[in-house]
Amino acid sequence: MEPQCRVFGRLTSNELGTLNRNLAANAVYLYSGDERPLGWFSDQTAFHFYVPPGTYRFKAYSSEAHEVSGTVTVPPDQAELEIGTINLAAKRWALLRGQPAPEFQEVVAWKNSEPLKLSDLRGNVVLLEFWGYWCGPCVGRMADLFSVYDKYRDQGLVIIGIHLDTGEGIDSPAKLDEKLAEIKNRLWKGRDIPFPVALVLEHQVPFRADVERKAGCPLAADYGIDSVPTGVLIDRQGRVVDTYYAGRDSDEAVLLKTMAGN
């Protein structure tokens, strides 16, 4: 059996550090060829692996920070190898915590409402749900959002769906309703969405890199939305609280705390 080397390092995020916030829900993977990767998961930032000599690919990320990847080579007959500190760039929504929520922009139409502004909703807790009819998990959890709406709508909670188009030109409630007709019957027991939905078109651009996301969909970029469904909770003062996932007990606890003004 080949001798094992202790490979170790630490994760950090300089951007979150300036806000006196720590990384949490962190992960590091080591890959060697087609073998099953080694994984490390923790709220701590110091990580280590025991591996034989060789060259490994790694990727590291956090719930609030983007992925970083690279390679590390473990020489023969070495007991320890420090790969140093890996700096993870914070996700946009993580940097928004405690900051004023970006205002709506480039909304082409509204379903179930006249045009809305976040600034007009101060005094309410607002939940923005970024989703698309084309996204299975999005429509799958919509029934959970219906339950949240029914439970808290009379307690100062406003839910607004942000429907992200993918080039099909869903620019009117009628077009969205057409796409949702079968989904309503199959997944929502015939119920229509009861809260306002903002329809947002994605610009057609010749690039798709994350850094160019703002060119494709400025509103999603403002909130750092890189996947759907994603909910964003906003307090009564119009400040971003956290992401929110309907049906998750820990997230409902955050919602209740926000509604109580804590």
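The values are calculated or read from the model by the stated rules, or taken from the named source; none is laboratory data. All of these numbers come straight from a predicted model, not from anything done at the bench. Cβ sites come from the backbone with ideal geometry, for glycine too, and all protein chains shown count toward neighbours.
The table below gives the values:
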read-out	value
Matching residues, the stretch 11-47, being touching a residue at least 24 places away in the same chain (Cβ under 8 Å) and either among the hydroxyl-bearing types (Ser, Thr, Tyr) or surrounded by fewer than 15 Cβ atoms within 10 Å (Cβ to Cβ) (or both)	Thr12, Ser13, Asn14, Leu19, Ala24, Ala25, Tyr29, Tyr31, Ser32, Thr45, Ala46
Residue within the stretch 67-88 that is modelled with pLDDT of 95 or more, in contact with a helix residue (DSSP H, G or I) (Cβ under 9 Å, 6 or more places away or on another chain) and assigned to a loop (DSSP other than H, G, I, E, B) present	yes
Some residue of the stretch 101-116 being of a type outside the set (Val, Ile, Thr), within 30 Å of Ser42 (Cα to Cα) and touching a Lys or Arg at 6+ places or on another chain (Cβ under 8 Å)	yes
Glu252 vs. criteria among the charged types (D, E, K, R) and at pLDDT 90 or above	yes
Pairs with Cβ under 9 Å, 6+ apart, first in the stretch 228-257 and more than 16 Å from Leu145 (Cα to Cα), second of a type in the set (Phe, Trp, Tyr)	Val240/Trp93; Val240/Tyr223; Asp242/Trp93
Filter pass, Ile183 being more than 21 Å from Arg239 (Cβ to Cβ), at pLDDT 95 or above, part of a loop (DSSP other than H, G, I, E, B) and among the β-branched types (Val, Ile, Thr)	no
Sole residue being surrounded by 15 or more Cβ atoms within 10 Å (Cβ to Cβ) and either without any contact (Cβ under 8 Å) to a residue 24 or more places away in the chain or assigned to a helix (DSSP H, G or I) (or both), chosen from Ala94, Ala60	Ala94
Filter result for the condition that a residue is assigned by TED's automatic domain parsing to the domain that holds Tyr223, closer than 30 Å to Gly17 by Cα and at pLDDT 95 or above, over Pro100, Pro173	Pro100
Residue list for the stretch 103-116, filter: among the charged types (D, E, K, R), modelled with pLDDT of 95 or more and over 15 Å from Asp235 (Cα atoms)	Lys111, Glu114
Matching entry among Lys117, Lys111 (being surrounded by fewer than 12 Cβ atoms within 10 Å (Cβ to Cβ) and closer than 18 Å to Leu199 by Cα)	Lys117
